[in-house]
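Everything on this sheet refers to the single structure shown next.
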Amino acid sequence: MAEPSNSHLPRLLCLHGGGTSAMIFKIQTRRLQWSLRQHFRFVFVDAPFESAAGPGVLPVFEGCGPYHRWVIPGSSTPERDQQRVRQVLRKAIADDPGDGEFVGVLGFSQGGRMAAGLLADQEEGEATGLPYWQFAVLLCAGYPPLSMSSERAREEPKGVVDEHGEDVEPEEREILSIPSVHVRGTLDPHCEKGRRLAKYFNRETSVSMEFVMGHHLPGAAGDTTSSKGDTDAIRDAILRAFAGDLKAGGDEGAGANGTRSAQITV
């Protein structure tokens, strides 16, 4: 049952990474949840497809399976898979006992790519039967987005570089204007894919934050570079996105080692 203290709050749909679970993601985001406890109710959902444990899940979450993922690599039935994902998301939304409006979607890694896909589908008028997303939070997410549009899913994503070895810039029609917060780790092997994903979001309605960390959130087990200020910076960016007030800021926050740990660009 929803707690009386937060059942009325606006809700965030939370999508875990590949090879993890809703329960694991709830643990991974505990600092962020605490910092936003007066503003949002977090609703976690398991992806529909079981999988092996994802990178970094073991040994910390040994025995915490089953683990799940949002896509099946090389699936011969992508349209049926997309339908299954829609069903899972709709059920999680319908079953949650909170009564606040669903206002945003928050995703980590593969879940972040799914969140980006939900925004792309919304901007193109795709009928998914899901809430209208006012903003998204993309944590350690990479390119390309995971769309639930059958047509877009069949398209091959553009390469990272063109025939001259130069970065391919997105076309104007591909830029998403829904407010978004992008959080990346400079030590994350997927950081460049995250920077590429951010290019597909309007700079006037998005904020990108980079921390000295790997493929995880500040404060993860074994993390020695982040501080409480890093989580506070993410919290503040999320609140600005919800308010529709993402404005340019400079460097923000200092890591535990005394170095500047977060760069914010809009």
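Ranked from highest to lowest mean number of other Cβ atoms within 10 Å per residue, what is the order of the peptides 234-240, 96-102? Before the final figure, lay out each step's value.
Working: 234-240: 20.3, 96-102: 15.4.
Top of the packing list down: 234-240, 96-102.
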Determine the sum of side-chain charges near residue 141: Lys and Arg each +1, Asp and Glu each -1, restricted to other residues whose C-beta is under 12 angstrom from that of residue 141.
+4
Can you compute the modelled spin-label distance between residue 83 and residue 6, with each label point 7 Å from Cα toward Cβ, in nm?
3.5 nm
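Among the GluC sites (Glu not before Pro) in segment 166-203, which ones are in a DSSP loop with at most 12 other Cβ atoms within 10 Å of the Cβ? Mind listing them? Each step should come with its number before you reach the end.
On the way: sites: 166, 171, 172, 174, 192; in loops: 166, 171.
Sites meeting the loop and neighbour criteria: 166, 171.
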At R0 = 41 Å the Cβ-Cβ FRET efficiency linking residue 58 and residue 192, nearest 0.05, sits at 0.95
Residue-wise HN-Hα coupling along segment 113-128, computed from phi with Karplus coefficients 6.51, -1.76, 1.60 (Hz; x: Gly, Pro):
5, 5, 4, 4, x, 4, 5, 4, 4, 5, 5, 8, x, 5, 7, 10
Taking other Cβ within 10 Å of each residue's Cβ, how do 50, 126 sort, fewest first?
50, 126
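Which of rounded, prolate or oblate describes segment 32-83 when judged by the alpha-carbon gyration tensor and an a/c cut-off of 1.5? Please report the intermediate quantities before stating the final value.
Values: a/c = 3.30, a/b = 1.43, b/c = 2.31.
Oblate shape, in that a/c is at least 1.5 and b/c is the bigger or equal ratio.
Per 0.36 nm of contour for each residue apart, how much would the distance between residue 50 and residue 26 grow if the chain were fully extended, relative to their Cα-Cα spacing? If you can, show how the numbers build up before the last one.
Working: separation 24, 0.36 × 24 = 8.64 nm, distance 1.80 nm.
Taking 0.36 nm per residue and subtracting the Cα distance, the gain is 6.8 nm.
What does the net charge come to around residue 190 if you take all other residues with beta carbon closer than 13 Å to its beta carbon, with K and R at +1 and D and E at -1?
Surrounding charge for residue 190 is +2.
Rank the residues 12, 130, 187, 197 as a footprinting-exposure proxy: fewest other Cβ atoms within 10 Å of their Cβ go first. Spell out each step's value before the answer.
Numbers: 12 28, 130 18, 187 13, 197 24.
Listing 12, 130, 187, 197 from fewest to most nearby Cβ atoms yields 187, 130, 197, 12.
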Sorting 61, 211 on the 10 Å Cβ count, fewest up front, what's the list?
61, 211
Shape call for segment 1-111 from the C-alpha gyration tensor, a ≥ b ≥ c root eigenvalues: rounded (a/c under 1.5), prolate (a/b greater than b/c) or oblate?
oblate
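Can you tell me the length gained on complete extension of the stretch residue 34 to residue 175, counting 0.36 nm per residue apart and subtracting the Cα distance?
Details: separation 141, 0.36 × 141 = 50.76 nm, distance 3.23 nm.
Fully extending the segment from residue 34 to residue 175 adds 47.5 nm.
Pull out the extension gain between residue 132 and residue 91, defined as 0.36 nm times the separation in residues minus the alpha carbon to alpha carbon distance; nm, one decimal. Can you show the working numbers first?
Numbers: separation 41, 0.36 × 41 = 14.76 nm, distance 1.59 nm.
Fully extending the segment from residue 132 to residue 91 adds 13.2 nm.
Read the figures in this text as sums done on the coordinates, not as results from a lab. Computed from a predicted structure; not experimentally measured. Note: ideal-geometry Cβ built from the backbone for every residue, glycine included; neighbour counts use all protein chains shown.
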